[in-house]
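Asker: Structure incoming, see below.
The values are calculated or read from the model by the stated rules, or taken from the named source; none is laboratory data. Since this is a predicted model, take the numbers as computed values, not measurements. We place every Cβ from the backbone using ideal geometry, glycine too, and count neighbours over all the protein chains shown. Note: accessible area is taken over every heavy atom of the protein model, side chains too, but ligands, DNA and RNA are not part of it. Shrake-Rupley method; radii C 1.70, N 1.55, O 1.52, S 1.80 Å.
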Amino acid sequence: QVQLVESGGGLVQAGGSLRLPCAASGRTFSSYAMGWFRPAPGKARECVASISWLGGSTYYADPVKGRFTISRDNARNTVYLQMNSLKPEDTAVYYCAAARQRSARRTADDFDYWGQGTQVTVSS
């Protein structure tokens, strides 16, 4: 069992930056692939970014490529989403998720554990 707690959300102006940490409980954090999701039209949640168990492989959705960076610190049981050049369309609740897989995953069905989410609001 893994429990995930996101933080770091808030209100920021367009062009600004936020860093979202997600702290995980449990001693097996390093064996999970991790991801960040947000709601999307026509989908329950879309994968914004994901990272493999050791951090060697990442995935980014097209709308955030070049602006967002996912990283992990297995010693601290934490995964991060660095969001730069934020746009109003990035406004959403961002969810952290863990998958009992080693490779970076892209769909919500691949993930087994979810956090409660953190609100990000980007003003124009």
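Asker: Bin width 10 Å, origin at 0, all Cα-Cα pairs of the stretch 28-70: what percent of pairs per bin?
Answerer: Percent of pairs per bin, in order: 28, 49, 21, 2.
Asker: A further question on this structure: Enter the accessible area per residue of the stretch 57-109 (Å², integer; probe 1.4 Å; all protein chains in place). All intermediate terms of the calculation are to be shown ahead of the outcome.
Answerer: Values: 2760 Å² over 53 residues.
For the stretch 57-109, the solvent-accessible area averages 52 Å² per residue.
Asker: Right, another one. Expressed as a whole percentage, what fraction of the accessible surface of the chain belongs to carbon and sulfur atoms when a 1.4 Å probe is rolled over the protein heavy atoms? Could you put the intermediate results ahead of the total?
Answerer: Numbers: 2800 of 6320 Å².
The nonpolar share, carbon plus sulfur, comes to 44 percent.
Asker: Just want the answer: with Cβ charges of +1 for Lys and Arg and -1 for Asp and Glu, which residue in Tyr94, Thr107, Met83 is farthest toward the dipole's positive end in the stretch 62-107?
Answerer: With unit charges placed on the Cβ atoms, the residue in question is Thr107.
Asker: Just how large is the dipole of the stretch 19-124 about the Cα centre, in debye to the nearest 20, putting +1 at every Lys and Arg Cβ and -1 at every Asp and Glu Cβ? Mind showing how you got there, number by number?
Answerer: On the way: 14 positive and 8 negative charges, 42 e Å.
The dipole magnitude comes to about 200 debye.
Asker: Can I ask one more? Counting Lys +1, Arg +1, Asp -1, Glu -1, what net charge surrounds Gly9 among other residues with beta carbon under 15 Å of its beta carbon? Please list the in-between numbers first.
Answerer: Working: positive: Arg19, Arg38; negative: Glu6, Asp90.
Here the count lands on 0.
Asker: From the phi angles alone, apply the Karplus equation (6.51, -1.76, 1.60; θ = phi - 60°) to the stretch 11-23 and give each ³J(HN,Hα) in whole Hz, x where the residue is Gly or Pro.
Answerer: So the J values, rounded to whole Hz, are 9, 9, 7, 3, x, x, 9, 9, 10, 9, x, 10, 8.
Asker: With labels modelled as points extended 7 Å from the Cα through the Cβ direction, what inter-label distance (nm, one decimal) is found for Ala14 paired with Ser103?
Answerer: Placing both labels 7 Å beyond Cα along the Cβ direction yields 3.8 nm.
Asker: In square nanometres, what is one fourth of the surface area of the convex hull spanned by the alpha carbons of the stretch 35-106? Mind showing how you got there, number by number?
Answerer: Values: hull surface 19.8 nm².
Computed as one quarter of the Cα hull surface, the answer is 4.9 nm².
Asker: Apply the Karplus curve 6.51 cos²θ - 1.76 cosθ + 1.60, θ = phi - 60°, to the phi angles in the stretch 24-29 and return the couplings in whole Hz, x for Gly and Pro.
Answerer: With the stated coefficients, the stretch 24-29 comes to 10, 8, x, 8, 10, 3 Hz.
Asker: A follow-up question, please. Net charge near Thr78, counting Lys/Arg +1 and Asp/Glu -1 over other residues with Cβ under 13 Å of its Cβ? All intermediate terms of the calculation are to be shown ahead of the outcome.
Answerer: Numbers: positive: Arg19, Arg72, Arg76; negative: Glu6, Asp73.
My count for the surroundings of Thr78 gives +1.
Asker: Please report, in whole Å, how far the alpha carbons of the chain spread along each principal axis, starting with the longest.
Answerer: 41, 29, 25
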